[in-house]
Every structure is written in structure tokens, then in C-alpha cells.
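Novice: Questions regarding the structure given below will be posed in turn.
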């Protein structure tokens, strides 16, 4: 879809939200794909420019459901279009607010999946320490487990973001918000060995500042990390895992050990504490499991 009537305003909108909301490249890319699909739908419907009304918006919603997208995907696509419609209205390209005609599906909040602490330690012990890639992998996994960083934040780290004198890492999160995260002795040891014996063997260009490198000497990508994690998870016998699993496990285990919610919020880089509170539900579920297993009279009907 390369009709300039549509693409120019999509580009203007994306520039606006990048400046105003500090969208990450992943979010901006998803918005671009969603709005390009919406514009293609408009063209196929024979609409000239942003000739919008209640009927075409309801048809678009039906169009998404007919493609059997998950409710979360439909909700994201509709959220992108609704934000775009607000932008067009503010720019004077629309005469009225039409977002009420584009209802989003009700999406059930999921509880983040975490893995047991013993399983995490087994996973983290798998990378070999006798080759550069293994040293890198061990340092990456240890850093994720020690800091709760997002994978996108981890692979974006440069050498200067790590302070080995204070054992802290400077993390650039969503919306370019910066936070300083401490890490422990095991992460420090793994990172130190990688910097001494692993990274020098992987680097190809002295000017490269990325902390974690692939075998070409370039910055490791999110996809590259995901393949590495899946490989170790298979060896560890862990079936359910995602790039965010160690982050979820980090938050859950902190709360299980009575860390303050505000502290966990700060470490995770959540702008809203309600996002962090979902981990308290996970902790309560775990509390119930432990109670049911340990209490000798938990299921007795009578004393």
C-alpha cells in the first residue's frame, strides 16, 4: 500500500507519537503495520482518502474478526486506529470524533508465567565456560535474572552502561526512560569473565560498543537471544518459556521474598504501579499452592 493520500498522514502520525510518547521501535513498527493494513482496507472498500463514518469502521472491526486474530491482536490494532483517528481529528482531517464506533474487544488479563527458582538456577548453569559464546550466554542470562531487564533493554546495552565498580547497570527503557539497576555477585562474576575472555574473541571492530555480540561481532539481536534461550530451555526440560520469562520470574520471586511493591516497580521500570501489581496475584496463587500442599488440615471439612 503506497497511496500517498494515506501514507503521508500515517508518517506524520508516527512522527508525532514518537516525539510525544517516546514509542520504542517495536511499538512504532507495530503501529505502522496496523495503520497500513487499515489504509489498505479503506482502499479496497473504495473510500477516497480518510472518508470515514460509522459504517466503514464497523466493517473494519468485522474485517479483523473474520481473519480470526486473537482478541489481544484485535485490541492492539483497534487501539492504533483509535489513536490515529484522534490525531486526524486534532489535525482537522476529520470533522467529528468517530472512535465511539470502533469498540475494542474485552481482553482477559493474563498472569505472567514464571519458573521456579531451582529451575532458573539449573538453566543459568547450562552455558559452557570454555568458549566465548558460552561465556556470553551465561553473562546474559545471569544479568537478566539479576536485574529483571526486558530483553530489548539487555541487547541495547553498551559497554559504558555497565559500572563494575558499583555493580550497577544503566538501562534505557520504554519512552527512553533511564534507570540504574544493581546486580549481584554471580552476575558480576559472569559478566567479568565474559568481558575478559569472551567478548575479545567475538569482537571484529574496535569501534563496536555493544556489550553482547553475535558470532559476526555485531550487536546480538532480540531474535538471536530468543533462539539462544530456547536452546537452553530445551536442555533444561523447561517447556513454557518466553523472552520475558526471566523478567517475570525476577519480579515474582522478589515479591515472594517480601520486597516492597514500589521497589519492584522501580527495578522493572513500570511507569504505573498497576502494571507491577499483577505480580502480586501470581504471588498469592503461589501462596495458596504452598498452603494447600503444606497445611495438614487445609482440605478437611471438619475438625
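Novice: Being closer than 30 Å to residue 20 by Cβ and outside any helix (DSSP H, G or I) narrows it down to one residue among 179, 205, 240; which is it?
Specialist: Checking each option against the conditions leaves just 179.
Novice: Which of the following residues is under 16 Å from residue 94 (Cα atoms), at pLDDT below 90 and surrounded by 12 or more Cβ atoms within 10 Å (Cβ to Cβ): 16, 6, 23?
Specialist: Of the residues listed, the single one that is under 16 Å from residue 94 (Cα atoms), at pLDDT below 90 and surrounded by 12 or more Cβ atoms within 10 Å (Cβ to Cβ) is 6.
Novice: Still on this structure, please answer the following. Go through the residues of region 10-26 one by one and say whether even a single one is out of contact with any strand residue (DSSP E or B) (no Cβ under 9 Å at 6 or more places or on another chain) and at positive phi.
Specialist: Yes; the residues of region 10-26 include at least one that is out of contact with any strand residue (DSSP E or B) (no Cβ under 9 Å at 6 or more places or on another chain) and at positive phi.
Novice: Okay, moving on. Could you list, in sequence order, all residues of region 24-47 that are in contact (Cβ under 8 Å) with a residue 40 or more places away in the chain and not in a helix (DSSP H, G or I)?
Specialist: 24
Novice: Go through region 216-228 and count every residue that is surrounded by fewer than 19 Cβ atoms within 10 Å (Cβ to Cβ) and in a loop (DSSP other than H, G, I, E, B).
Specialist: Residues that pass the stated criteria total 4.
Novice: Tell me which residues, restricted to region 66-80, are more than 17 Å from residue 44 (Cα to Cα) and either surrounded by 13 or more Cβ atoms within 10 Å (Cβ to Cβ) or without any contact (Cβ under 8 Å) to a residue 12 or more places away in the chain (or both).
Specialist: 68, 69, 70, 71, 73, 74, 75, 76, 77, 78, 79, 80
Novice: With 100, 121, 66, 55 as the choices, which residue is closer than 30 Å to residue 186 by Cα and modelled with pLDDT of 80 or more?
Specialist: 121
Novice: Please verify whether residue 231 is within 21 Å of residue 118 (Cα to Cα) and assigned to a helix (DSSP H, G or I), treating the condition exactly as stated.
Specialist: So residue 231 passes the test.
The values are calculated or read from the model by the stated rules, or taken from the named source; none is laboratory data. Just so it is clear, the structure is predicted and the values come from calculations on it, not from any experiment. Glycine gets a Cβ as well: all are built from the backbone with ideal geometry, and neighbour counts include every protein chain shown.
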